[in-house]
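Only one structure is covered here, and it is reproduced in the block below.
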Amino acid sequence: MEVKLKQIGKDLYDVNAWLDEELGAEGTPERERNRERAWEEYNAQVLLDARKSAHLTQAELAARIGADKSYISRIERGLIVPTVATLYKIAAAMGMTVELRPA
């Protein structure tokens, strides 16, 4: 992807205008969909990294939670988002916990 930023001064570029063009303006449904998609992809990567750190294959993790390998693959590719209950099962199967705390 080639990034074309509008120059607004010497060595100054309008990144917000580029983000609005690429992702939709702040406050629009398009921008919110892109924000949600980014979080889904981020969380998928976190789960993939955690599984690898636990030295588990997709098949091993799937067996531990009573699912199939393709289900784990779809989660890790960000194609599906696991339910909260499944997320807790995945974490426990990797010897981890999920912590909710105030921001």
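The values are calculated or read from the model by the stated rules, or taken from the named source; none is laboratory data. Remember, it's a predicted structure, so these values are computed and weren't measured experimentally. Note: ideal-geometry Cβ built from the backbone for every residue, glycine included; neighbour counts use all protein chains shown.
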Of (1) modelled with pLDDT under 95; (2) touching a helix residue (DSSP H, G or I) at 6+ places or on another chain (Cβ under 9 Å), residue 56 satisfies every one except (1)
Practice task
Determine if the stretch 5-13 includes at least one residue that is modelled with pLDDT of 80 or more, surrounded by 12 or more Cβ atoms within 10 Å (Cβ to Cβ) and of a type outside the set (Gly, Ala, Ser).
Solution key: no
